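**Student:** One structure is given below, represented as structure tokens, and several questions about it will come after.
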Amino acid sequence: MKVEESNLKGCYVLTPQVLEDERGYFFESFNAKVFKALTGQEVAFVQDNQSQSSKGVLRGLHYQTGAHAQAKLVRVIKGKVLDVCVDLREDSETYGKHFSVILDNVKHQQLFIPKGFAHGFVVLEDDTLFSYKCDAYYNKASEAGILYNDKDLNIDWGFSEDELIVSEKDLLLPELGAVKL
């Protein structure tokens with residue numbers, strides 16, 4: 001596994017070694033020992049989630065607060081997304097900055113998002129399957145988010161506003177300036 005830190009400290013892109021032959025392919029999607037050796041971080045995932053979405057669906061920007069904050073390891077099983085995370089750590093040099101990467105079922109890359117980040121993605125292909133591991137259980141009372149089109153974040157989602165499919169709930173999220181962790 002190759003691990004590269006993004007421009008946001010603690011946020012990593014993981015690229016597996018894919019073994020292919022006439023039968024198909026195989027790769028190790030996560031190995032805690034290797035991850036710790038390459039990043040110095042220890043993580044114990046306790047919950048896996050999966051979603052299926054159509055092209056143009058935008059999910060995010062979400063995070064969990066307080067004791068229920070979550071680190072996530074996200075990947076695409078089928079299809080393609082533009083994956084985005086935003087640093088919400090107020091003491092961070094990159095507070096309010098974002099990182100984005102295309103995740104698909106061809107390169108099999110994953111994105112590790114540490115606690116203290118908001119996360120979202122926009123689907124680039126129909127019938128995309130998205131999967132993520134969390135190191136803390138979901139807690140409804142701790143769910144929060146930031147408006148995906150906050151002008152201060154200036155995220156290029158690759159779609160015009162009228163092409164995006166965004167839930168009512170996500171359209172009501174506050175802008176970054178109104179968020180307190």
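The values are calculated or read from the model by the stated rules, or taken from the named source; none is laboratory data. Keep in mind it's a predicted model, so treat the numbers as computed, not measured. All Cβ positions, glycine included, derive from the backbone under ideal geometry; neighbour counts span all protein chains shown.
**Student:** Please state which of the following conditions Lys36 fails to meet, knowing it meets all the rest: (1) of a type in the set (Lys, Arg); (2) in contact with a Ser or Thr (Cβ under 7 Å, 6 or more places away or on another chain); (3) part of a helix (DSSP H, G or I).
**Tutor:** Against the list (1) of a type in the set (Lys, Arg); (2) in contact with a Ser or Thr (Cβ under 7 Å, 6 or more places away or on another chain); (3) part of a helix (DSSP H, G or I), Lys36 comes up short only on (2).
**Student:** Quick test for you: out of Asp127, Asp162, Asp104, Asp156, pick the one residue that is out of contact with any helix residue (DSSP H, G or I) (no Cβ under 8 Å at 6 or more places or on another chain) and touching a residue at least 60 places away in the same chain (Cβ under 8 Å).
**Tutor:** Asp127
**Student:** I've got another one for you. Checking Glu20 against (1) closer than 18 Å to Val81 by Cα; (2) part of a strand (DSSP E or B), which single condition isn't satisfied?
**Tutor:** Checking Glu20 against (1) closer than 18 Å to Val81 by Cα; (2) part of a strand (DSSP E or B), the one that fails is (1).
**Student:** Does the stretch 112-119 contain any residue that is modelled with pLDDT of 95 or more, surrounded by fewer than 16 Cβ atoms within 10 Å (Cβ to Cβ) and over 19 Å from Lys55 (Cβ atoms)?
**Tutor:** No: the stretch 112-119 contains no residue that is modelled with pLDDT of 95 or more, surrounded by fewer than 16 Cβ atoms within 10 Å (Cβ to Cβ) and over 19 Å from Lys55 (Cβ atoms).
**Student:** For the stretch 27-73, name all the residues that are among the β-branched types (Val, Ile, Thr), touching a strand residue (DSSP E or B) at 6+ places or on another chain (Cβ under 6 Å) and under 19 Å from Ser142 (Cβ atoms).
**Tutor:** Thr65
**Student:** Do you know which residues across the stretch 39-60 are on the phi < 0 side of the Ramachandran plot, touching a residue at least 40 places away in the same chain (Cβ under 8 Å) and part of a loop (DSSP other than H, G, I, E, B)?
**Tutor:** Gln41, Val43, Ala44, Phe45, Val46, Ser54, Lys55
**Student:** Pick from Glu28, Glu22: which is within 17 Å of Arg75 (Cα to Cα) and exposed (fewer than 12 other Cβ atoms within 10 Å of the Cβ)?
**Tutor:** Glu28
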